[in-house]
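Just so it is clear, none of the values below were taken in a lab; they were calculated from the coordinates. Since the model is a prediction, treat every value here as computed from it, not as a measurement. Cβ sites come from the backbone with ideal geometry, for glycine too, and all protein chains shown count toward neighbours.
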Amino acid sequence: MEIQRGYKTELKPNNKQRTLLLKSAGTARWAYNWGLAQKQQARDAGVKSPTAIDLHRQLNAIKSAQVPWMYEVSKCAAQEALRNLDKAFDNFFRKCKLKKQGKFKGKVGYPKPKSKKKGVGSFRLTGSIIVLSDSIQLPRIGTLRLKERDYIPVDAKVLCATVSEEAGKWFVSVQVEEEIVNELPSLPEVVSGNDLGITALATCSGGEVFENPKALRKNLKKLRRLGKRVSRKVKGSKNRKKAVRRLAKLHQRIGNIRKDAIHQCTSYLSKTKTVNVLEDLNVSGMLKNRRLARAIADVGLFEFRRQMVYKSEWYASTLVIANRWFPSTQRCCKCHQTQPMPLGKDVFACESCGNTMPRDLNASENLKQYYTDSLSGIYACGEPSADVADGLRETQLVEAGNEQKSRSPRFSQVS
């Protein structure tokens, strides 16, 4: 099976190459803002908005007279920036349409001009890109050394390369098209219910527990101290730039720690389990809890699910998303009776059968039973299922104090 995969690694440019990288990023930023201004003028005049191809033709007509410095970098930097602008407007109109239908909540996000104050930015290159074991050759920039050897495949088809700057360091993300062997494992079916949380990143029904690094919480004091140093420096001074650089490096480190933990956990589950069951968590609603918002955001729940989706496809495993209204935490995995479970309790003690076990482990066992009961045509609450269509079953959950509710679909499956 052919897939498109991105490989991101750090560059080691010299001073001349660093200057070319800065010029390319500045060109992409200028082209994006220029294209945005042209679209706004067309909208005010009541004419059709120009596309990326139309804007690129206009830019080529005025390049030699008004912006001759653009010839110092690759034409792809400006061309791809205008394509990004088209995509930004497509996303804006798509969200507007969904909001009118009542299917989208929040801000639709009209495209805004890019500012250098928020970072140098990035640019994308296409065309002749040659990848070697320890270096990469980019158009008009030359051969740049890589900090990691033999990481990017040299025999795969290269589609594009995106160069970005983060905390003073330059990175390249190469998108390639490669063939992967997507074969079903010969091992017997291993079903794993995975409960995500704050104390532990993931608790599996098999007993595996993946610790949450809590990167933000552990570095919060240092983060506040560096933020105060930035606010005390004079705006525009070199000392302020140095303080901003230190703060950016710490933010980058916190993000890298979180990503590394999620990647290790999702890769292990996708490679070793044939079926993984996750909850359909309402992350945006959970973030409205002002006492737990910071801890929930530090986990990266949506990123965990996003990685599980594509890694399940890579490693031929099955991903099942349990219904959001399934009471995995409030339900006993032994007698299937539900009871209130406050946030402060770490141990689940069933009042009916006396079963006592860790809260997260009980939830993961319920998620595992959710999948097995769905295959056998029995709902998690013990009632027989109604009709089955296309592998998706309607859910009829009866919770304490509530009337019978009908939810559809029962679970979503990605295989």
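Basic side chains Lys and Arg get +1 at the Cβ, acidic Asp and Glu get -1 at the Cβ, and with that the dipole of segment 2-179 about its Cα centre reaches some 1180 debye.
Would you mind ranking Ile321, Ile53 by Cβ crowding within 10 Å, fewest neighbours first?
So the residues, fewest neighbours to most, are Ile53, Ile321.
Binning the alpha carbon pair distances of segment 2-179 at 10 angstrom intervals from zero yields the distribution 9, 32, 32, 21, 6, 0, expressed in whole percent.
Straightening the chain between Arg149 and Cys96 buys 14.6 nm, computed as 0.36 nm per residue apart minus the Cα-Cα spacing. Packing order of peptides 73-79, 15-21, highest average first: 73-79, 15-21 (average count of other Cβ atoms within 10 Å over each peptide's residues). Put in order of Cβ neighbour count within 10 Å, fewest first, the listed residues Leu250, Leu55 become Leu250, Leu55. With a Förster radius of 25 Å applied to the beta-carbon distance between Glu211 and Val181, the computed FRET efficiency rounds to 0.20. Which shape class applies to segment 88-226: rounded if a/c is under 1.5, otherwise prolate when a/b exceeds b/c and oblate if not, where a ≥ b ≥ c are the square roots of the Cα gyration tensor eigenvalues? Rounded. Summary of the geometry: segment 229-248 and segment 300-316, compared by the centres of their Cα atoms, lie 38 Å apart.
Highest mean packing comes first when the peptides 118-129, 272-283 are listed by Cβ atoms within 10 Å, giving 272-283, 118-129.
When each of Glu365, Glu189 is scored by the number of other beta-carbon atoms lying within 10 Å, the sequence from fewest to most is Glu189, Glu365. Counting only DSSP H runs of at least 4 residues, each contributing -39500 (n - 2.57), and dividing by the residue count of the chain, the helix-based mean residue ellipticity at 222 nm comes to -13500 deg cm²/dmol.
Distance between the 7 Å Cα→Cβ label points at Trp325 and Lys63: 5.7 nm.
Of the residues Leu132, Val47, Trp69, the one whose Cα sits farthest toward the positive end of the charge dipole of segment 1-135, with +1 on the Cβ of Lys and Arg and -1 on the Cβ of Asp and Glu, is Val47. In a fully extended conformation the segment linking Asn355 and Ala45 would gain 104.5 nm over its present Cα-Cα distance, using 0.36 nm per residue.
Relative to the longest principal Cα axis of the chain, at what angle does helix 15-45 sit, 0 to 90 degrees, rounded to 10? Roughly 80 degrees, rounded to the nearest 10.
In this structure, Lys228 and Lys117 have a Cβ-Cβ separation that, at R0 = 30 Å, corresponds to a calculated FRET efficiency of about 0.95. Quick one: plug the Kirkwood hydrodynamic radius of the chain (C-alpha pairs) into Stokes-Einstein at 10 °C, 1.306 mPa s, and report D in µm²/s. This corresponds to a translational diffusion coefficient of 63 µm²/s.
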